[in-house]
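Colleague: The structure's right below; bear with me while I get my questions together.
The values are calculated or read from the model by the stated rules, or taken from the named source; none is laboratory data. Note that the structure is predicted; figures quoted are calculated from it, not measured. Using ideal geometry, Cβ is built from the backbone for each residue, glycine included, and neighbour counts are taken over all protein chains shown. Surface accessibility is based on the protein's heavy atoms, side chains included, excluding ligands, DNA and RNA. Shrake-Rupley method; radii C 1.70, N 1.55, O 1.52, S 1.80 Å.
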Amino acid sequence: MPWSTAFDDPVRMGDKRKLLTLQDAADYIMQLPEDTQHAAHWQTAIETLINAAEMGGGWVMFARIAMLRALNADGRSG
């Protein structure tokens with residue numbers, strides 16, 4: 001599946017932004033400070049995004065959930 005694959009429901013951010021695709025989520029993570037990216041919850045999000053891009057199917061849903069969990073862990077979701 002391409003990185004442009006959309007989530008079934010957008011990942012809503014605390015600042016009213018939305019992550020619509022796997023690429024949006026990956027770009028967001030890449031903009032985080034490096035030490036933040038290495039936190040376990042962000043590493044899980046990265047791994048599930050890669051699996052979603054490579055295999056599709058249910059991995060897209062798992063990637064969305066992992067993003068929501070990581071954002072909640074950092075207090076960044078709304």
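Colleague: Using a 1.4 Å probe on the protein heavy atoms, what percent of the accessible area of the chain belongs to carbon and sulfur?
Modeller: 53
Colleague: Using unit Cβ charges (K, R positive; D, E negative) and no other charged atoms, how large, in debye to the nearest 20, is the dipole of the chain about its Cα centre?
Modeller: With only Lys, Arg, Asp and Glu charged at Cβ, the dipole is about 300 debye.
Colleague: What does the convex hull of the Cα atoms of the range 39-78 come to per residue, in Å³, rounded to a whole number?
Modeller: Once divided by residue count, the hull of the range 39-78 is 48 Å³.
Colleague: While we're on this one: Please report the relative contact order for the chain, taking Cα pairs under 8 Å with a sequence separation of at least 6, and give it as a percent rounded to a whole number.
Modeller: Relative contact order here is 36 percent.
Colleague: Express the accessible area of the chain per residue in Å², computed with a 1.4 Å probe while the remaining protein chains stay in the model.
Modeller: That works out to 59 Å² per residue.
Colleague: Viscosity 1.306 mPa s, temperature 10 °C: give me the Stokes-Einstein translational D for the chain in µm²/s, with Rh taken as the Kirkwood radius over C-alpha pairs.
Modeller: Using the Kirkwood radius from Cα pairs, D works out to 132 µm²/s.
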